[in-house]
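Quick notes on the structure that follows.
The values are calculated or read from the model by the stated rules, or taken from the named source; none is laboratory data. Bear in mind the structure is a predicted one, so any value in this text is a computation, not a measurement. Neighbour counts are summed over all protein chains in view; Cβ atoms, including those assigned to glycine, are modelled from backbone coordinates with ideal geometry.
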Amino acid sequence: MFVVMARTASEAEILGVKSAILGEGLTPYDHAGAERIVIAVIGEIGSRKAALMSRLGGLGGVETVTPISRPFKLTSREFQPENTVIRVLDAVIGDGGLTMMAGPCSVESREQLFETADAVKDAGATILRGGAFKPRTSPYSFQGLGVEALRYLAEARDRTGLPVITEVMEPSQVDIVAEYADILQIGTRNMQNYSLLTAVGRVARPVMLKRGYGATVEEWLMAAEYIVSSGNPNVILCERGIRTFETYTRNTMDLAAVPLVHHLSHLPVIVDPSHATGKRWLVAPLAVGGVAVGADGVMVEVHPDPDAALSDAEQQLTLDQFRAMMAQLIPVHEHVRSMYAVPIDPGAVLAGSAGLAKH
Ligand code: PEP
Ligand code: MN
C-alpha cells in the first residue's frame with residue numbers, strides 16, 4: 001500500500017507517518033511525485049492490511065491510503081505514475097530520447113575498445129558497452145580481461161565522454177565495477193541472483209537489469225523490485241530475448257514485453273537485439289522493431305572485426321553496419337516518439353490485468 005500525503009502536509013506529519021510504519025516493523029519508502037509526497041509501505045503486511053490502512057488513514061496530513069494490487073510495489077505505475085528518468089554524465093535514459101548503447105561484446109584490448117568507442121560515438125551512440133567479466137556458457141571460452149578491461153573502459157569514457165556500462169557477475173565484484181563503470185549491468189543468467197540484486201541496490205550507480213532468458217515479466221519486475229527496495233531507484237530494464245522452442249534465432253525477442261512493461265512500471269526499457277537474435281543480419285530489423293514498440297533505447301554489440309571477435313562473433317555489427325543501423329533507427333524513433341509521449345494511464349493497467357498474479 002502507499003500513503004498519499006496532502007499537499008499541505010507538514011514535515012512533522014510526514015515524519016509521523018514514517019514512524020508509524022517503522023513502528024509496525026515495516027519500511028517507509030517515499031517518493032516525491034509531481035504534486036505531493038507518496039510513501040510506500042514495504043514489508044510483509046499480511047493480515048494487518050485493513051487495520052493498517054485505517055490506522056495510517058487516520059494520521060494527520062494523510063489524504064488517502066491505497067493498496068498496490070501488484071506484487072511489485074516500488075516499480076509499479078500504481079505507486080509512481082510518471083516515468084523514471086535516469087541521468088548519467090550527458091546521457092538521459094527514459095525521457096523520450098533514444099538511448100543507444102553500443103560497443104563490443106568483450107573488451108579485448110585497448111585498441112579494439114578505443115576504435116569501437118570512437119566509431120560508435122561518431123555514429124550517435126550515447127553509452128559505451130563492453131564486457132570485462134564475461135558469463136560464458138563454456139568454462140573454456142574467453143572469460144574477459146577483468147579489471148584490465150575496466151581500466152580501458154574508464155579511459156574510453158574519458159576519451160569520448162560516453163558513460164560506460166559493463167556487467168557485474170557477483171556481489172564481490174560490485175565495488176570494483178562501480179569504481180570504474182557508470183552503469184552496472186546484471187546479465188540474464190543472474191536476474192534472480194538475489195544477493196547480487198541487493199548488492200547493486202546499495203551502490204550509487206544506475207543498474208541495467210537484463211530479463212532472465214526463462215523469466216516472466218512479473219519475475220523480471222520482482223527482480224527490479226529487489227534493487228529498488230534496497231535503495232537504488234535507478235533501474236533500467238533490458239529485454240534481451242527469452243528461450244522458446246525456436247532455434248533459428250539464439251532467443252526470441254519479446255517485443256510485447258516493451259509496451260507491457262511500460263504499462264506496468266515506470267522504469268525505462270531497452271532492447272538488446274544482438275543477444276536476442278544471435279545473428280548479425282537480424283539485429284537492425286529487431287532494433288527497428290524495438291524502437292517502434294516504444295523502447296527507450298537499444299543495446300547493440302559492435303566490433304571492428306566481428307569475425308575475429310573472442311565472443312559472440314556471429315552477432316556483432318561492423319562499425320559501418322552500426323552507422324547504417326543508426327540512420328534507419330533515428331527516423332523510426334522520430335516517427336513514433338509522440339505516440340508514447342503521453343504517460344500510460346494506470347487505470348488502464350488495472351483494467352487489463354488478466355493473467356498477472358495478484359498478491
Ligand atoms: C552481455 O550483454 O554482454 C551479455 C552477456 O548479455 P546477456 O546477459 O543478455 O546474455
Ligand atoms: Mn555478448
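Is there a residue being of a type in the set (V, I, T), assigned by TED's automatic domain parsing to the domain that holds A309, out of contact with any Pro (no Cβ under 6 Å at 6 or more places or on another chain) and under 19 Å from V298 (Cα atoms) anywhere in region 132-154? No, region 132-154 contains no residue that is of a type in the set (V, I, T), assigned by TED's automatic domain parsing to the domain that holds A309, out of contact with any Pro (no Cβ under 6 Å at 6 or more places or on another chain) and under 19 Å from V298 (Cα atoms).
Residues that are in a loop (DSSP other than H, G, I, E, B) and closer than 16 Å to S311 by Cβ within region 87-121 comprise P104, C105, V107, E108, S109, listed in sequence order. Return the residue satisfying two criteria in turn: it lies in region 146-200 and is away from ligand 1 (no atom under 16 Å from the Cβ) and of a type in the set (D, E, K, R), and of such residues it is farthest from A117 (Cα to Cα). Result: D175.
Residues in region 143-161 that are closer than 20 Å to K210 by Cβ and out of contact with any Phe, Trp or Tyr (no Cβ under 7 Å at 6 or more places or on another chain): Q143, A149. Looking only at residues in region 1-26 that are touching a Leu at 6+ places or on another chain (Cβ under 8 Å) and of a type in the set (D, E, K, R), which one is nearest to F72 (Cα to Cα)? It comes out as E24. For region 199-221, filtered to residues that are within 16 Å of ligand 2 (Cβ to nearest atom) and in a strand (DSSP E or B), the residue that is surrounded by the fewest Cβ atoms within 10 Å (Cβ to Cβ) is K210. Taking the criterion of being surrounded by 22 or more Cβ atoms within 10 Å (Cβ to Cβ), assigned by TED's automatic domain parsing to the domain that holds L145 and within 16 Å of ligand 2 (Cβ to nearest atom), would at least one residue in region 241-248 satisfy it? Checked against the condition, which is being surrounded by 22 or more Cβ atoms within 10 Å (Cβ to Cβ), assigned by TED's automatic domain parsing to the domain that holds L145 and within 16 Å of ligand 2 (Cβ to nearest atom), region 241-248 yields at least one hit. Taken over region 123-161, the criterion of being of a type in the set (F, W, Y), farther than 20 Å from L89 by Cα and more than 23 Å from the chain's Cα centre (by Cα) is satisfied by Y140, F142.
Working only within region 272-291, note down all residues that are within 16 Å of ligand 2 (Cβ to nearest atom), without any contact (Cβ under 8 Å) to a residue 40 or more places away in the chain and either of a type in the set (A, V, I, L, M, F, W, C) or at negative phi (or both). Those that are within 16 Å of ligand 2 (Cβ to nearest atom), without any contact (Cβ under 8 Å) to a residue 40 or more places away in the chain and either of a type in the set (A, V, I, L, M, F, W, C) or at negative phi (or both): P273, A276, T277, K279, L282, L286. In this structure, V120 does not qualify as more than 23 Å from V288 (Cα to Cα) and over 19 Å from the mean Cα position of the chain (by Cα).
Residues in region 167-179: is at least one within 16 Å of ligand 2 (Cβ to nearest atom) and in a strand (DSSP E or B)? Break it down into steps so the answer makes sense when it comes.
Within region 167-179, the first condition is being within 16 Å of ligand 2 (Cβ to nearest atom), and the residues that meet it are 167-169.
With the extra rule that they be in a strand (DSSP E or B), the set shrinks to 167.
Within region 167-179 (the criterion being within 16 Å of ligand 2 (Cβ to nearest atom) and in a strand (DSSP E or B)), the answer is yes, since at least one residue qualifies.
Residues that are within 23 Å of L221 (Cβ to Cβ), away from ligand 1 (no atom under 13 Å from the Cβ) and either modelled with pLDDT under 95 or among the charged types (D, E, K, R) (or both) within region 255-297 comprise just one, D296. Just need a number here: residues in region 41-62 that are in contact with a helix residue (DSSP H, G or I) (Cβ under 8 Å, 6 or more places away or on another chain) and not charged (D, E, K, R). Number satisfying all stated conditions: 8.
Just to be sure before I move on: is G294 within 13 Å of ligand 2 (Cβ to nearest atom) and either over 14 Å from the mean Cα position of the chain (by Cα) or farther than 23 Å from A123 by Cβ (or both) in the structure I sent? The answer is no for G294. Among the candidates L350, L317, L356, the residue that is at pLDDT 95 or above and of a type outside the set (S, T, N, Q) is uniquely L317.
Residues being surrounded by 21 or more Cβ atoms within 10 Å (Cβ to Cβ), touching a residue at least 40 places away in the same chain (Cβ under 8 Å), within 17 Å of the chain's Cα centre (by Cα) and away from ligand 2 (no atom under 16 Å from the Cβ) are entirely absent from region 101-112. On the stretch given as region 54-71, residues that are assigned to a strand (DSSP E or B) and surrounded by fewer than 18 Cβ atoms within 10 Å (Cβ to Cβ) total 3.
So that you can scan it fast, the table gives a plain yes or no per residue for (1) touching a Cys at 6+ places or on another chain (Cβ under 8 Å); (2) within 25 Å of D320 (Cα to Cα):
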{"site": "R77", "(1), (2)": "no, no"}
{"site": "T84", "(1), (2)": "no, no"}
{"site": "D95", "(1), (2)": "no, no"}
{"site": "V120", "(1), (2)": "no, yes"}
{"site": "T126", "(1), (2)": "no, yes"}
{"site": "G131", "(1), (2)": "yes, yes"}
{"site": "V147", "(1), (2)": "no, no"}
{"site": "L150", "(1), (2)": "no, no"}
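Within region 297-330, if we keep just the residues that are within 15 Å of ligand 2 (Cβ to nearest atom) and polar (S, T, N, Q), the residue that is nearest to G241 (Cα to Cα) turns out to be Q315.
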